[in-house]
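Visitor: Starting off with a structure, shown below.
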Amino acid sequence: MRPLTESDIRGSFINCSKGEAQRLPLPRDLAERPWADLDFLGWRDLSAPDRSYVVTEHEGRLAGVALRFPATKRGFLQRSMCSLCLTTRPGGGVSLMTARKSGKEGREGNSVGIYMCTDLDCSLYVRGRKQPEPGGRFEESLTVEEQVERMRGNLAGFLAQL
């Protein structure tokens, strides 16, 4: 992914108003992000523990999505699988993230959900740059490049529903 600027990020949101996009908090470490290893920029809103954001390239342009997820955590022994990177995580490591749909459907309260790593580091898990808890990544016959393409396709499928 190419490095993004504040202007790029704020102008990319497809499921919130321009005013909401101007007010949302951005990550302070944009310059330090490992852009070459990212397929999307994801961050949590530290002032609102149930909100996070994802920005990625979709259909030739940037698409940003505001997400919500429950603040409750599951038991440590229960594992869930991320729908993007297929990493399994215990407790609150994977959350059901919901995004309000764009346009009229979103204004009517319709939303779409997907299970995602709560820390939004899917790109780093797939590439082996960050290690999940033991047993979090399965041994696969796919190459890393094929796993990255699968993850991108899973994200694109989610965005297409918005």
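We did not get these values from a lab; they are worked out from the coordinates using the rules stated. Source: prediction; values computed, not measured. Here the Cβ positions follow ideal geometry from the backbone for every residue, glycine too, while neighbour counts run over all protein chains shown.
Visitor: So, with +1 on the Cβ of K and R and -1 on the Cβ of D and E, and no other charges, what is the size of the charge dipole of the range 6-160 about its Cα centre, to the nearest 20 debye?
Guide: Its charge dipole is roughly 600 debye.
Visitor: Quickly rank 92-100, 137-145 as a protection proxy: mean count of other C-beta atoms within 10 Å, highest first.
Guide: Packing proxy ranking, top to bottom: 92-100, 137-145.
Visitor: Continuing with this model, one more query. Going by alpha carbons, how many degrees (0 to 90, nearest 10) lie between the helix axis of 144-160 and the longest principal axis of the chain?
Guide: With rounding to tens, the tilt is 30 degrees.
Visitor: Now for a separate question. Please work out the C-alpha center-to-center distance from the range 81-98 to the range 1-18 and express it in whole Å.
Guide: 24
Visitor: Work out how much length residue 160 to residue 138 would gain on full extension: take 0.36 nm times their residue separation and subtract the Cα-Cα distance, in nm to one decimal.
Guide: 5.2 nm
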